[in-house]
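See structure below.
The values are calculated or read from the model by the stated rules, or taken from the named source; none is laboratory data. This one's a predicted model, so the numbers in the text were calculated from it and none came from an experiment. Heads up, the Cβs are rebuilt from the backbone with ideal geometry, glycines too, and the neighbour counts pull from every protein chain shown.
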């Protein structure tokens, strides 16, 4: 099949997912999670385009409770599917690993494989997990900060199949879109072929609006393809003018003595500015500080560089 024909298949799969959602409702009585049905349906359809090629696999970052990984795996039971998650976020009770293992058993999804590691460590040595396979469909749904998004795109490159498709979830977040855009600009052999967004985060949508977007792309997607022949036109996601100001703010926060306490400090600031109860946020801030009091106390008030132990100078070992 030629490159253009494959791209038509990909765009056709996107259209079908947009119109019809899931390929089937297999596992509906077992699975639940936080992805739009069109998003999961697209992953199922994309794997369906390559399911007969044993040298390929499906890979995702951010398994959560297994909705997307297991939905793809049970739809294509002979195709190897891998998910990376070390359950360091969105798992306050430490339940998600057990939920995934239970759901995998109940669905008999023997082709679904969990890589229980930090995503960077896993991607830096991905061949130890997937062998000689190449990744045909890559779904990014892990931590949504700018660096995590960009590193996922950069680190996967050596393992991508010739006609790989990348689906970036939660593209409503401006830092996710910024990472997609920066990657596309720096790597013109990749193109975006589809983007979809909702009017806000699911937590901030009314029930009727939320229902519509749960049936679709929920919190937004960017779909990228590997276009080594430069067949497709350039299309970039919109980025926000405020983003650069916020990235400068990150630099100011990161060097501060209490950098790790920024979320608690923001909650306290919101309560103080909006005239709310400040006692609760203050207590949480003080408790968080107490947990690492010695570490914070050893720092300067500002401009902490965390450079202890760095060499004054070092040359490469090449000779």
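Quick look at the values:
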{"item": "Scope the stretch 6-29; condition part of a loop (DSSP other than H, G, I, E, B) and surrounded by 15 or more Cβ atoms within 10 Å (Cβ to Cβ); matching residues", "result": "21, 22, 23, 26, 27"}
{"item": "Residue identified as surrounded by 15 or more Cβ atoms within 10 Å (Cβ to Cβ), farther than 15 Å from residue 221 by Cβ and in the same structural domain as residue 103 (by TED's automatic domain parsing) among 40, 50", "result": "50"}
{"item": "Helices (runs of 4 or more DSSP H) enclosed by the stretch 41-128 - at least 1 residues per element that are out of contact with any helix residue (DSSP H, G or I) (no Cβ under 9 Å at 6 or more places or on another chain) and more than 27 Å from residue 17 (Cα to Cα)", "result": "96-107, 119-124"}
{"item": "Evaluation of residue 228 against (1) assigned to a helix (DSSP H, G or I); (2) under 30 Å from residue 17 (Cα atoms); (3) out of contact with any helix residue (DSSP H, G or I) (no Cβ under 7 Å at 6 or more places or on another chain) (one fails), failing number", "result": "(1)"}
{"item": "The stretch 139-161: number of residues that are part of a strand (DSSP E or B) and over 19 Å from residue 185 (Cα atoms)", "result": "2"}
{"item": "Top-ranked residue of the stretch 76-121 - restricted to ones that are farther than 14 Å from residue 66 by Cβ, within 18 Å of the chain's Cα centre (by Cα) and surrounded by fewer than 20 Cβ atoms within 10 Å (Cβ to Cβ), ranked as modelled with the lowest pLDDT", "result": "89"}
{"item": "Among the candidates 176, 185, 223, 165, residue that is crowded, with 22+ Cβ neighbours inside 10 Å and either assigned to a helix (DSSP H, G or I) or out of contact with any helix residue (DSSP H, G or I) (no Cβ under 7 Å at 6 or more places or on another chain) (or both)", "result": "176"}
{"item": "Any hit, the stretch 233-242, residues being within 27 Å of residue 169 (Cβ to Cβ), in contact (Cβ under 8 Å) with a residue 24 or more places away in the chain and in contact with a strand residue (DSSP E or B) (Cβ under 6 Å, 6 or more places away or on another chain)", "result": "yes"}
{"item": "Conditions (1) surrounded by fewer than 22 Cβ atoms within 10 Å (Cβ to Cβ); (2) modelled with pLDDT under 95: number failed by residue 66", "result": "(1)"}
{"item": "Lone qualifier among 62, 41 - being within 18 Å of the chain's Cα centre (by Cα) and touching a residue at least 40 places away in the same chain (Cβ under 8 Å)", "result": "62"}
